[in-house]
1. Can you name the helices (runs of 4 or more DSSP H) wholly within the chain that have at least 2 residues being of a type outside the set (Val, Ile, Thr) and at pLDDT 95 or above?
2. What are the pairs with Cβ atoms under 7 angstrom where one residue, in segment 10-29, is farther than 19 Å from Ala41 by Cα and surrounded by 10 or more Cβ atoms within 10 Å (Cβ to Cβ) and the other, located anywhere, is at pLDDT below 80 and of a type in the set (D, E, K, R)? Sequence gap at least six, or different chains.
Amino acid sequence: MNIEREGEGRHSAICRHPWRAAFRHRTKSSLRRLHAHGQIAKISRTRRWRVTAYGHQAMGTSLYLREHHFPNVYATAATA
């Protein structure tokens, strides 16, 4: 049974959960930042995004550094 009370619409659940608005803002900010740096591009007339060639390169480099260089740096810093 899908009866909506007067004054309540589809979006009334959003008002009851303030963390959803914060999560939506964080997601929007992350997408905006990646788009500003040219790592993702918007697909026209949709809500979808695609990773650009530069984005693939930057993400690959960051994963490589995380896997190969950070453990060495943290290991030497822990012993010092």
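The values are calculated or read from the model by the stated rules, or taken from the named source; none is laboratory data. Treat the numbers as computed from the prediction; the structure is a model and nothing was measured. Note: ideal-geometry Cβ built from the backbone for every residue, glycine included; neighbour counts use all protein chains shown.
1. 18-36, 53-68
2. Close Cβ pairs (under 7 Å, with a partner that is at pLDDT below 80 and of a type in the set (D, E, K, R)) amount to Ile14/Arg20.
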